[in-house]
Amino acid sequence: MNYTIQRMWIASSRSQREAWENLLHQASIRTEELVEYTVGIYDGEKLVATGSRYKNVLKCIAVCKDYTGGEVVSLLISHLMTEIFDAGFERCYVYTKPQSVQSFLYMGFEEIERVEDDLVFLEKAVWGFQSFLNELAKKKEEGEKISGIVMNANPFTLGHQYLIETASAKSDLLHVFVLSEDVSLFPAKVRKRLVEEGTRHLPNVRIHDTGDYMVSAKTFPSYFLKEDKDTTEVQATLDAKIFKNHIAKALGITTRFVGEEPLSFATNIYNESMKKVFGEDLQLVILPRKEYDSEVISASRVRKYLAEDRLEELKGLVPECTYRFLHSEEGEVIIRTLKESLKS
């Protein structure tokens, strides 16, 4: 059959938006606003398939029941992959339902990890997850207690530094992973640089990127999960399984350190999910948070002070490297961006 492929302008065309929403609804998929490009495949004037992408992640893949398992699916996925690679990305990812996995495997995707009956995380790349793990394995060092920490550090605070220092003192070697995803106020390169500068006095600490394999809640797709599923729990379980089954094994990590979260319900769910996944195979150590002026030090508190022009008060919240950065031209640009975002 002759199908036509057409970009869908779901943000500006009401008719295309309605057709898109109807097809997603038929496939039991919720709408997802965090998309950059959406395409439709038409049989005549009938929309029979749609898919979107956000950066290098496929999203909102939906196909009419009468058109599944054939040419339409291949046409849709191939088109979206071409869009991603033409945009300069070297890897393509998709989170999907377990029952939809076969279509992606047929298109050359490889499974990274899954969360039981809820979700499967797949990738198509020349230099992909296994290559990432192989590079990590080259950095493996011997020791009786090898530990790990994963952080966003948006920005790097005295709380982050305290967590690393405490874990470092309890470990022969400590691997710290800084979230690579650029969806935070402070760019990934800046966050990693500040962590490196703030831990130079610790000879047993190694700093790594997470690559694309640990994502923030902002970009984790939940549109295909059942309404009664806790998105945070599913994401936390996926992250924990990737860390336990792959990253920890590559580096010989036996302990994961995290800070307790008296203020964050979502992070508490994360910690509980890690406990379940790690079991007895990987020790989870939850450390009390560092406080200043009887209040927990947090990156959100730092950002609040920045927005309120309370820079001098940050001396009790951030290490010297972060304080110095915030007074640099680069730091001032970020502060202005923060203030402008709060106005809109």
Requested in this report: For the chain, set up a Gaussian network in which alpha carbons nearer than 10 Å are linked by springs, and say which option among 271, 152, 134 fluctuates the most.
Outcome: 134
Query raised in the report: Quick one: length gained pulling residue 286 to residue 75 fully straight, 0.36 nm per residue minus the C-alpha distance?
Result: 71.2 nm
Report task. Identify which of the listed values of Cα extents along the principal axes in Å was calculated from the structure shown: [x] 66, 48, 37; [y] 72, 53, 44; [z] 68, 51, 38. Result -> [x]
Report summary line: Subtracting the Cα-Cα distance of residue 90 and residue 135 from 0.36 nm times their residue separation yields 14.5 nm
Query raised in the report: Which is farthest toward the positive dipole end of the chain among 38, 323, 87, measuring Cα position about the Cα centre, with Cβ charges +1 (Lys, Arg) and -1 (Asp, Glu)?
Result: 323
Query raised in the report: Distance in nm between label sites at residue 254 and residue 267, each 7 Å beyond Cα in the beta-carbon direction?
Result: 2.8
Report summary line: With Cα coordinates, the longest principal axis of the chain makes an angle with the long axis of helix 265-278, in degrees rounded to 10, of 90
Report summary line: XL table 139/339; 97/339; 276/315; 138/189; Cα-Cα > 30 Å flagged, in table order, is 139/339; 97/339; 276/315
Requested in this report: Give the residues of the stretch 48-86 whose amide nitrogen is closer than 15 Å to a point set 7 Å from the Cα of residue 102 in the direction of its Cβ.
Outcome: 67-71, 73-74
Report summary line: Computed over the stretch 1-107, the distribution of all Cα-Cα distances in 10 Å bins, rounded to whole %, is 14, 53, 31, 2
Report task. Straight distance only, please: which lysines reach the Cα of residue 343 with their own Cα at less than 21 Å, same-chain residues fewer than 8 apart left out? Result -> 218, 304
Requested in this report: Calculate how steeply helix 14-26 sits against the longest principal axis of the alpha-carbon atoms of the chain, using the helix alpha-carbon long axis, and give the answer as 0 to 90 degrees to the nearest 10.
Outcome: 80
Query raised in the report: For residue 341 and residue 6, FRET efficiency with R0 = 41 Å and r from the beta-carbon atoms, rounded to 0.05?
Result: 0.75
Query - Estimated distance in nm for a label pair at residue 126 and residue 293, the labels positioned 7 Å out from Cα along Cα-to-Cβ - result: 5.3
**Report entry** For residue 59, residues with placed amide H under 5 Å, excluding near neighbours
**Finding:** 52, 53, 54
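We did not get these values from a lab; they are worked out from the coordinates using the rules stated. Everything numeric in this text was worked out from a predicted model, so none of it was measured. Positions of Cβ are generated from backbone atoms using ideal geometry, with glycine treated the same way; all protein chains shown enter the neighbour counts.
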